[in-house]
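> Structure incoming, see below.
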Ligand SMILES: [Fe+2]
């Protein structure tokens, strides 16, 4: 890699660029190109100690701007979550609990803090597409009709349409789109399978199912945490990614044993 062999660019900038590029699933070739352009700029313009100082100041400003941009992105996501909460408090608290569990799983699996930030962001708005479903359907006690069910299945795509034009430093729109995909290809909306599904979405899928089964829903009482854990154990490697299930079982079993 070019940037590893050339000098002059501060390590903090290289590190920051790497993390951003990795989160955006940027190709190595594109990373090289951007860093190479910054290095070329330095070589052309840094010809005195004074310019060197200015360049370092510019790099520090760039880091500051990137951090600020990330904070703004987070605030946009929390503002969106607030909109969901005002219309549908049940979905809002579900999203919050799914986020807590998904981030704990991600940490247990050894994902980077940057990736965990992305999972947190995607999880707190993963059902934002339900904004397109009439509130009477969402809060309806009893079973949904076939039409109501097919309508509810549009929410990952609607969520994706809402989020796709925001240039997040994490794959949030794709994670939201894929959170009902299943490892054997039986999920929706696109019937993706295995590693075609983003790891973030595979983690979100397990946290979502466990939280949904363990909680009370307008159309049924809670099925209980034991039933939820049975479900992911039975379908491990079939519907749900095995490593994610193992991690989730480890966390929740430990959590319960810590309580007693
Ligand atoms: Fe969902």
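> Of all the residues that make up segment 103-114, how many are at pLDDT 95 or above and either surrounded by 14 or more Cβ atoms within 10 Å (Cβ to Cβ) or within 16 Å of the ligand (Cβ to nearest atom) (or both)?
8
> Consider residue 27 carefully, then state whether it is modelled with pLDDT under 80, under 30 Å from residue 125 (Cβ atoms) and loosely packed, with under 11 Cβ neighbours inside 10 Å. Before the answer, list the steps.
Working: modelled with pLDDT under 80: yes; under 30 Å from residue 125 (Cβ atoms): yes; loosely packed, with under 11 Cβ neighbours inside 10 Å: yes.
Answer is yes for this residue.
> Using beta carbons and a limit of 8 Å, which pairs, at least six apart or on different chains, have the first residue in segment 225-237 and on the phi > 0 side of the Ramachandran plot and assigned by TED's automatic domain parsing to the domain that holds residue 253 and the second one modelled with pLDDT of 95 or more and in a helix (DSSP H, G or I)?
Going by the 8 Å Cβ cut-off, the qualifying pairs are 237/245.
> Let me ask another. Six or more apart or on different chains, Cβ atoms under 8 Å: show the pairs whose first residue is in segment 155-168 and within 13 Å of residue 126 (Cβ to Cβ) and whose second is more than 16 Å from the ligand (Cβ to nearest atom) and assigned to a helix (DSSP H, G or I).
none
> Another question, then. In segment 172-183, which residue that is in contact (Cβ under 8 Å) with a residue 40 or more places away in the chain and closer than 20 Å to residue 247 by Cβ is nearest to the chain's Cα centre (by Cα)? Give the steps one after another, and end with the answer.
Residues of segment 172-183 that are in contact (Cβ under 8 Å) with a residue 40 or more places away in the chain, as a first pass: 172, 175-176, 179, 182-183.
Narrowing further to those that are closer than 20 Å to residue 247 by Cβ: 175, 179, 182-183.
Values: 175: 6, 179: 10, 182: 16, 183: 18 Å.
Here the answer is 175.
The values are calculated or read from the model by the stated rules, or taken from the named source; none is laboratory data. Remember, it's a predicted structure, so these values are computed and weren't measured experimentally. Glycine also receives a Cβ, built like all others from the backbone with ideal geometry; neighbour counts cover every protein chain displayed.
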